[in-house]
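The structure appears below as structure tokens.
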Amino acid sequence: MTVLILTLIILAGSYAAGLVGSLTGLGGGVIIIPLLTILLHVDIHYAIGASLVSVIATSSGSAAAYVKEGITNMRLGMFLEIATTSGAITGAIVAKYLPVQYIAILFGVVLIFSAGMSLRKKVEYTGQKKSLLAEKLKLNGTYPVNDKPVTYNVSNVGGGFLMMMFAGAMSGLLGIGSGALKVVAMDGMMRVPFKVSTTTSNFMIGVTAAASAVVYLQRGYIDPGLAMPVVIGVLLGAFTGSKILVHSQSKKLRYFFAVIVTFLAIQMIYKGISGTL
């Protein structure tokens, strides 16, 4: 196989990964890593490095739009970034010493969890009890609903902070945005409205990925020849997915692609257990 053909295959696969990731809300990394490792037999560390670069690119583009609309809680996001970046650096360091088989199994488990999270019922929390710590840190905020500001309060700041450290560690270890885990921390534990938690998570993902990408870059796991077609493909796929999502029934799409993601997760777990990765 020539370099040109291989690049075109990676580009096409990354486009599909960006498309699926955009439609399911899971991000392209959950698809691109199984694609590179299972189908193209790329070393998982290089696949993670390329995925992290694509996560940075896609997060930077979409996060700007949400910030402009006033949905993202930037103060909350920057506070929780302390936890996610420290976790991401720790996860990236641990990845060097953890056997590939264990990384593959863990990746599959997190993938199944993320697919399940993408299908759960969305709940909007407002009017929660005030948290003294959240008030001191000025984490409470508002977001627009029908052009009117809706006030919300942030709860369980300490628990959410610890969960964010775990989410960051998974991001650095597995090369994914860990958006599902971040949403669990903000939506499930801190009772932040779903729209705010998802957009704030998107705002944080790029910074978290950048922190762990530095470690992978220092170890030589980010190959420009691999990362370039991955980034271009994922960006184009995510853009296409955002256009399709506007004119489609997102619930049916999420169920369909959750099956695909679960299948890839099972493949990764099987490869990890059998030691054939």
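The values are calculated or read from the model by the stated rules, or taken from the named source; none is laboratory data. Note that the structure is predicted; figures quoted are calculated from it, not measured. Reconstructed Cβ throughout: ideal geometry from the backbone, glycine too, with neighbour counts over all protein chains shown.
Would you say Gly29 is of a type in the set (Gly, Ala, Ser), in contact with a Leu (Cβ under 7 Å, 6 or more places away or on another chain) and modelled with pLDDT under 90? Criteria not met by Gly29. Among the candidates Gly158, Gly206, the residue that is assigned to a helix (DSSP H, G or I), closer than 24 Å to Gly70 by Cβ and in contact (Cβ under 8 Å) with a residue 12 or more places away in the chain is uniquely Gly206.
Taking the conditions (1) over 23 Å from Val20 (Cα atoms); (2) at pLDDT 85 or above; (3) touching a Gly at 6+ places or on another chain (Cβ under 9 Å); (4) surrounded by 15 or more Cβ atoms within 10 Å (Cβ to Cβ) in turn, Met189 satisfies each one other than (2). Restricting attention to segment 256-277 and to residues that are surrounded by 14 or more Cβ atoms within 10 Å (Cβ to Cβ) and among the hydroxyl-bearing types (Ser, Thr, Tyr), the residue that is modelled with the highest pLDDT turns out to be Tyr270. Contact map, segment 257-269: first residue more than 17 Å from Ile44 (Cβ to Cβ), second residue buried (at least 22 other Cβ atoms within 10 Å of the Cβ) and among the polar types (S, T, N, Q), Cβ cut-off under 7 Å, separation 6 or more or different chains; pairs are Phe257/Thr24; Ala258/Thr24; Val261/Thr24. The conditions are (1) surrounded by fewer than 24 Cβ atoms within 10 Å (Cβ to Cβ); (2) farther than 22 Å from Phe263 by Cα, and Tyr102 fails exactly one of them. Which is it? That leaves (2) as the condition not met. All conditions but one from (1) surrounded by 22 or more Cβ atoms within 10 Å (Cβ to Cβ); (2) on the phi < 0 side of the Ramachandran plot apply to Gly175; the one that does not is (2). Within segment 96-108, the residues that satisfy the criterion of being more than 14 Å from Phe166 (Cα to Cα) and among the aliphatic types (A, V, I, L, M) are Leu98, Val100, Ile103, Ala104, Ile105.
Within segment 142-152, is even one residue over 10 Å from the mean Cα position of the chain (by Cα), surrounded by 24 or more Cβ atoms within 10 Å (Cβ to Cβ) and modelled with pLDDT of 85 or more? No, because not a single residue in segment 142-152 is over 10 Å from the mean Cα position of the chain (by Cα), surrounded by 24 or more Cβ atoms within 10 Å (Cβ to Cβ) and modelled with pLDDT of 85 or more.
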